[in-house]
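A short write-up of the structure that comes next.
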Amino acid sequence: MLRVAGTCAGIEGATAIEWYQSDVCRMPFSSGEFDTVLCQQGLQFFPDKAAALREMKRVLAPQGTLAVSVWGRPEMCPHVMVICDVFSEYFGEDSTKIFRVASSLSDHKVLQNLVQDAGFSNIRIRSSVKISRHPSLAGLLPAYFSALPVAAQIAALSEEERTRMFRSMETKLADWRENDGLAVPVENCLLTAENGN
C-alpha cells in the first residue's frame, strides 16, 4: 500500500511526503505532532482499537482533528451480501468473517463510544452511500478476493468450480451491472472528532 501510495503521490507531484510503516499503537512520532489524523478503512481491522485511538490522540495537537471512515451496514452494500451468500455456500460461514469484522463499527453508537472513551470530543458521525463503479466485473472478482483470507480456498477450487462460483456471483449481482462492469451502492460511516486536550 505504501509503495502504491508513493507512486501515486509522485505522479501528482507530491514528492515531499514522508512515508512510514509502523504499529498504529506505537507510532514513531512526538506527542502533538499533527493537526489531523486520518484513518480510512482501518480502525475496524485493528486488534486493539482502543489503544490505536489513544495513540492517534497522543500524536494530535490540542484541538487537532481526527477523521475516520469505516464500512457501513452490510445490508446497504448489496455486493457484500451476495459475496457472503456465495462464500457461505462454497466455504462455510467462517469464510464471511472478514466482512463481519469490516462492518463491526457500522453502528454509530458503538463507534461513538469507542472514540469518546479514547478521550475525543465534539464527535460527529454520518453515513453516506456512494456508487462504487468497476469497469469489469469479470476482472474485479478474482482481484478483489486475492487480498482476502479466503484466497487460498478459492485457489484450491478446480477451474470449473471457480468459474461456477464467479458466475453465480455475477448472476446475483445482475441488478447492479453496468455494461461489463458493476455500479453498486456502498455505505460508509464518516466520523470527525477533536482532541480536546
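The values are calculated or read from the model by the stated rules, or taken from the named source; none is laboratory data. Everything numeric here is computed off the predicted structure, so don't read it as measured data. Quick reminder, even Gly has a Cβ in these numbers, built from the backbone with ideal geometry, and neighbours come from all protein chains shown.
With respect to (1) hydrophobic (A, V, I, L, M, F, W, C); (2) in a helix (DSSP H, G or I); (3) touching a strand residue (DSSP E or B) at 6+ places or on another chain (Cβ under 6 Å), the lone exception for V70 is condition (2). Scanning the stretch 98-116 turns up at least one residue that is surrounded by 13 or more Cβ atoms within 10 Å (Cβ to Cβ), over 22 Å from A183 (Cβ atoms) and either over 20 Å from the mean Cα position of the chain (by Cα) or of a type in the set (S, T, Y) (or both).
Flag set for L148, criterion: out of contact with any Phe, Trp or Tyr (no Cβ under 7 Å at 6 or more places or on another chain), under 23 Å from A102 (Cα atoms), of a type outside the set (D, E) and at pLDDT below 90. Residues of the stretch 141-164 that are more than 28 Å from D107 (Cβ to Cβ) and either charged (D, E, K, R) or surrounded by 12 or more Cβ atoms within 10 Å (Cβ to Cβ) (or both): L141, P142, A151, Q153, I154, L157, E159, E160, E161, R162, R164. Restricting attention to the stretch 3-35 and to residues that are assigned to a loop (DSSP other than H, G, I, E, B) and of a type in the set (A, V, I, L, M, F, W, C), the residue that is nearest to A51 (Cα to Cα) turns out to be C25.
The residue that is nearest to the chain's Cα centre (by Cα), counting only those in the stretch 147-168 that are farther than 18 Å from D85 by Cα and of a type in the set (G, A, S), is A147.
Every test in (1) of a type in the set (G, A, S); (2) surrounded by 15 or more Cβ atoms within 10 Å (Cβ to Cβ); (3) over 18 Å from the mean Cα position of the chain (by Cα) is passed by G13 save one, and that test is (2).
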